[in-house]
Amino acid sequence: MKITYQLSQEEYLEGVALHQKTGFKNVMITIYASLSLLFVLVFTDFSDTYTIIKNIIILFFSISFYVLLTKMIGTYQNKKLYQNSTTLKNKVILRISGKGIKIDNQERSLAWSSFSKYKEDEAFYILYLNMRNFKIIPKRVMNKIEKEELSTYLEKYLSQAKK
C-alpha cells in the first residue's frame, strides 16, 4: 500500500495535540496544582474568612494562568517547529507492507518492531518510534480499504502497544 500526503500546519498541530492528550503534560499540571494547593494551605489563616477566599481565588487564577501559559507556549513552539522544519512541510510517501514502513526519502525501511506504540482518532494515526519521535499519518489521504489495511497491520504488529 502506498500513501502520499503533505501535512499542513493545522494538521501538524492537531496531530501533536493528539500526541499530548495523555502523559507528561497532565502529570505536570497535577504537580503544579498540588504544590499550589499546599502553598495555599500552609499560608492561609483559617480564622480569617477574607484570607481564605483571597487565597482560593489566587490558587484558581495561578492554576488557570499556568495551564493557559503552557498551552500558548506549546502551540507557539509547535508552530515555530513546523515553520522552521525542512522536512515537516514536505510531501511524504509511505510504502506500508507486512515487513514495515518504507519512507521514500529514507534509505532504510522501518520494521514493525521499530515502533513502540500507536494512537488513533477520527483524523490521524500516530506511530511512535519513541516518545519524542513519531509519524503523523492523516486519515484523509486514505480510502476505506487502505484504512482497514493499515488498521489490520497495527492490530497485528502493535496491538499490545496501543495506548
Could you look through the stretch 141-157, keep only residues that are in contact (Cβ under 8 Å) with a residue 60 or more places away in the chain and assigned to a helix (DSSP H, G or I), and pick out the one that is surrounded by the most Cβ atoms within 10 Å (Cβ to Cβ)? L150
Could you tell me whether the stretch 65-85 includes any residue that is under 20 Å from A17 (Cα atoms) and in contact with a strand residue (DSSP E or B) (Cβ under 9 Å, 6 or more places away or on another chain)? no
Candidates S85, S116 - the one that is of a type in the set (S, T, N, Q) and closer than 16 Å to Y5 by Cβ: S85
Filter the strands (runs of 3 or more DSSP E) completely within the stretch 16-128 down to those with at least 2 residues that are under 14 Å from the mean Cα position of the chain (by Cα) and surrounded by 14 or more Cβ atoms within 10 Å (Cβ to Cβ). 117-120, 124-128
Going residue by residue through the stretch 58-66, is there one that turns out to be β-branched (V, I, T) and within 26 Å of Y12 (Cα to Cα)? no
Cβ-Cβ under 6 Å pairs, at least 6 apart or on other chains, the stretch 106-123 side in contact (Cβ under 8 Å) with a residue 24 or more places away in the chain, far side part of a strand (DSSP E or B) and β-branched (V, I, T): K119/I126
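Rule-based calculations on the coordinates, nothing more; no lab input. Quantities reported herein were computed from a predicted structural model and do not represent experimental measurements. Virtual Cβ from ideal backbone geometry, glycine too; neighbours counted across all protein chains shown.
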